[in-house]
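Engineer: Just dropping this structure here.
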Amino acid sequence: MRFNSQTELALMILDGRPIAKQMIEELRKEVSEFGKITMASVAYEEDHESIVYFNSIKKNAEKVGISFTPLVIKGDDLMNTIQKLNDDESVDAIIVGRPFPKGVTNEMVSEALDPDKDADCVTYQNMGQLYFGVEKIAPATPRAAIDILLRNNITLRGKKATIINRSVTVGRPLSQMLLNRDATVTVAHSKTENMERLIDESDIIFLAVAKPGYLKSSSIRTKKIVVDVGINVIDGKVRGDLEIDVENDLVDYTPVPGGVGAVTSVEILKNSLELAKNR
């Protein structure tokens, strides 16, 4: 089944919303057959974006029958809260908001969080398994980006894929997950030279630059798929890194909003089910 639609510009939109809806139905059945699953999120009070994100996960959790508790804490309490949740036998899965409070690093959270409760694949153990092709637990955003393509019957094997992001949450794990599917992968970043040529030579471009309009449809000269992971709030509206400035039927793309983000929160819940199964 393909989950796409056409715009007035005759561009192919790889819509994440029907995919998320189907995944929720699949997950509801699996959770019903498995039994009780309990999940908790941790966000410090100044991190408004994570608080909003976790509330959206809670809504989907309620749809599939997963008990979800969003905790909002003072930044100084983060590490102690993680430890308490690690020790709580009733909690199956934990997700921690980022960016972290001042004084807390990626490394500190990766080392503190129990890998058996790691719902977004941030621990060294779970991240390391990706390099051996083991993806029972995978970072939610990269997995969402890939699942949108796969559920639209888009083959990754042999494709030239460029990721414009090298973060530990998106670019690096996504590169390994694409390699696991036999894509030819280039990871680009702010120091990359000849970016225009690199984009021109790619079949699939994964954008996670956090710059609205970073790539414009008018600049694309050969057929491409653009997976837009960028989230930018401009005048109260959410925009991606791709700007559709002219009609160009050479571009198939995921919209923002309604693309990768729509699927990401469901991927977190899928990870929670997997963690509960293995406890």
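The values are calculated or read from the model by the stated rules, or taken from the named source; none is laboratory data. Values in this document were obtained by computation on a predicted structure and should not be read as measured data. Cβ placement follows ideal geometry from the backbone for every residue including glycine, while neighbour counts extend to all protein chains displayed.
Engineer: What number of residues within region 110-154 satisfy the criterion of being in contact with a strand residue (DSSP E or B) (Cβ under 7 Å, 6 or more places away or on another chain) and polar (S, T, N, Q)?
Structural biologist: Within region 110-154, residues that are in contact with a strand residue (DSSP E or B) (Cβ under 7 Å, 6 or more places away or on another chain) and polar (S, T, N, Q) number 2.
Engineer: Tell me, please, whether a residue that is closer than 23 Å to Met195 by Cβ and either among the polar types (S, T, N, Q) or surrounded by 17 or more Cβ atoms within 10 Å (Cβ to Cβ) (or both) can be found in region 258-265. Working first, answer last.
Structural biologist: Just the residues of region 258-265 that are closer than 23 Å to Met195 by Cβ, to begin with: 259-260.
Add one more test, that the residue is either among the polar types (S, T, N, Q) or surrounded by 17 or more Cβ atoms within 10 Å (Cβ to Cβ) (or both), and what stays is 259-260.
So far as region 258-265 goes, yes, one or more of its residues are closer than 23 Å to Met195 by Cβ and either among the polar types (S, T, N, Q) or surrounded by 17 or more Cβ atoms within 10 Å (Cβ to Cβ) (or both).
Engineer: Among (1) of a type outside the set (Ser, Thr, Tyr); (2) within 29 Å of Val226 (Cα to Cα); (3) surrounded by 15 or more Cβ atoms within 10 Å (Cβ to Cβ), which single condition is Pro99 missing?
Structural biologist: (3)
Engineer: Name every residue in region 44-62 that is at pLDDT 95 or above and buried (at least 16 other Cβ atoms within 10 Å of the Cβ), in order of residue number. Quick ask: steps written out before the conclusion?
Structural biologist: Here is the first cut: in region 44-62, the ones at pLDDT 95 or above are 54, 57-62.
Answer for region 44-62, where residues must be at pLDDT 95 or above and buried (at least 16 other Cβ atoms within 10 Å of the Cβ): Phe54, Ile57, Lys58, Asn60, Ala61.
Engineer: Applying the selection to region 144-169, what residues are within 28 Å of Tyr124 (Cβ to Cβ) and surrounded by fewer than 20 Cβ atoms within 10 Å (Cβ to Cβ)? Please lay out each step first, then the result.
Structural biologist: Looking only at region 144-169, we keep the residues that are within 28 Å of Tyr124 (Cβ to Cβ), and these are 144-150, 156, 161-169.
Hits for region 144-169 are Leu150, Arg166, Ser167, Val168, Thr169.
Engineer: When you look at Asp118, is it of a type in the set (D, E, K, R) and over 29 Å from Gly258 (Cβ atoms), yes or no? Even if it seems obvious, please write down each step before you answer.
Structural biologist: Working: of a type in the set (D, E, K, R): yes; over 29 Å from Gly258 (Cβ atoms): no.
It is false that Asp118 is of a type in the set (D, E, K, R) and over 29 Å from Gly258 (Cβ atoms).
Engineer: Is at least one residue of region 119-137 on the phi > 0 side of the Ramachandran plot and in contact with a helix residue (DSSP H, G or I) (Cβ under 8 Å, 6 or more places away or on another chain)? Don't jump to the end; show me each part of the working.
Structural biologist: Let us first name the residues in region 119-137 that are on the phi > 0 side of the Ramachandran plot, namely 121, 133.
Subsequent filtering for residues that are in contact with a helix residue (DSSP H, G or I) (Cβ under 8 Å, 6 or more places away or on another chain) retains 121.
Yes: region 119-137 contains one or more residues that are on the phi > 0 side of the Ramachandran plot and in contact with a helix residue (DSSP H, G or I) (Cβ under 8 Å, 6 or more places away or on another chain).
Engineer: Further question on the same structure: In this structure, is Tyr214 more than 30 Å from Thr69 (Cβ to Cβ), in contact with a Ser or Thr (Cβ under 9 Å, 6 or more places away or on another chain), at pLDDT 95 or above and not assigned by TED's automatic domain parsing to the domain that holds Ser90?
Structural biologist: no
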